[in-house]
1. If you take the square roots of the eigenvalues of the alpha-carbon gyration tensor of region B:57-144 and sort them as a ≥ b ≥ c, do you get rounded (a/c under 1.5), prolate (a/b over b/c) or oblate?
2. Using only Cα atoms, locate the centre of region B:16-41 and the centre of region B:158-200, then give the distance between them in Å, rounded to an integer.
3. In degrees between 0 and 90, to the nearest 10, how far off the longest principal axis of chain B does helix B:53-65 point, with axes built from Cα atoms?
4. What 222 nm value per residue comes from the helices of chain B, counting each DSSP H run with n ≥ 4 as -39,500 (n - 2.57) and dividing by all residues, nearest 500 deg cm²/dmol?
5. Using a/c under 1.5 as the rounded threshold, could you call region B:279-370 rounded, prolate or oblate? The axes a ≥ b ≥ c are square roots of the C-alpha gyration tensor eigenvalues, and prolate needs a/b larger than b/c, oblate otherwise.
6. Expressed as cubic angstrom per residue, what is the convex hull volume of the alpha carbon set of chain B?
7. Which whole number gives the average count of other chain Cβ atoms within 10 Å of the Cβ atoms across peptide B:13-20?
8. Just the projected area, averaged over all directions, of the convex hull on the alpha carbon atoms of region B:301-417: how many nm²?
């Protein structure tokens, strides 16, 4: 498979996903991701003139409910997953964007 | 060189649904932190979002009010970013197939005086899409506190074309937007509660130039006056930069209301890369023509159209229609009273001068809602009839009004009980007039020397002596006769 056209910027992808990769992993995953993209490129060899792009494989629409309130989680349960909590709120390192 | 500013807005409005956009957890402003969540709100693995039908209906209604196209299909996309206000690390929004496209908002620019109607024009919309709101962060010291109550509540984002040119137009746009959304019962649009939020894209260019200048995105505009002051400052800043030979940087700036300036927000080196893709958990929405048209058929008469009708049908001045028409409840109240007794001007004046003033000071905190007023439309109709048929003077009508406001009694009964009927007994009034003339030689002399206004002082004395019950027209006739 010719992967030369689809060079992956592995550092950028890792940064977007907030994961740290070792040098060995970077090489390994770059190759795998490039293969995946090259595989997806096959679609460009197919004639898709006049075919509507679709976002789902089944023609289901309008799966909804009426606006009727149901039960909520108890605060104690919500905070079980929080690494740190204070005054019923989850505490995270300061994240103000400035 | 003369410069021209070009402004586009992105306005977020919280829909007033009872539950969130993709789960039936209730939402209420001011609830205790983290009490309005479940697995969908917290983005726990395996949670399945389900659309809120009312949020879809409301968004279609908004689109129809502003003459948007409602495409047959719209869909949901994930917008990815890492920030603790959104626990699943993506926000569900609409990217390339929003629920409303195009459209326009009619605005009214300031008139040359408060009682003169300003020019109207249309501001073009790009689109309106529906998305979920994020949680609320409070920053304390080196930490941030996260409350997910607001996360997942339905928001519409209204995006305008770069179609405004100064702060007055921006103000008029937000005012009109708010008026229409309140009218249709979509949202309370309270900026202090975050129910309406606004970002502005601002650029300047030499007048006559077609190409847009470099745009600055302005954030933290937390009130309507904040939007206007922020926009005005930013336009001035950009023009001054260009005039001193500097370039405008494409950046995001924050309005600092206290300092009255905009401050650059040190943006990250890399532009945002949201990696939008269709949300596989949510099926698209299909809006049939029949459904769309049935929603259109329920649309209330919109305020500017109503105002035009009030000019034609009731011959009311702008100073009155501009108060009554933006409020649906109040205009319905007015029309109910007029349907009972056809004296629109008098009834409108009772509403604008008496009712609104009394309501504004009657509440325990803030003004009393119209629905809780003891004065009902039929009271105003009866009151207008009493004045119209000269049973009471318009001066006494104010007193009767205040009594209705306190007690909710019928005006006829109040007039009877308090003996407020107007005195039309000419001989009794003639006596009072003669006394007043004797007691006010100065005013009499002035009147006789040609100062017609001086008669008012004498009239006032007669009115006072009759305890407000003498018919003013009869007083005028008699005084002029006696002074002739």
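Read-outs: derived from the displayed coordinates by stated rules, not from any lab. Just so it is clear, the model here is predicted, and its values are computed rather than measured. For neighbour counting, all protein chains shown are included, and Cβ atoms are generated from backbone atoms with ideal geometry for every residue, glycine included.
1. oblate
2. 24 Å
3. The angle comes out at about 60 degrees.
4. -11500 deg cm²/dmol
5. oblate
6. That works out to 227 Å³ per residue.
7. That average works out to 2.
8. Over all viewing directions, region B:301-417 projects a mean Cα-hull area of 7.1 nm².
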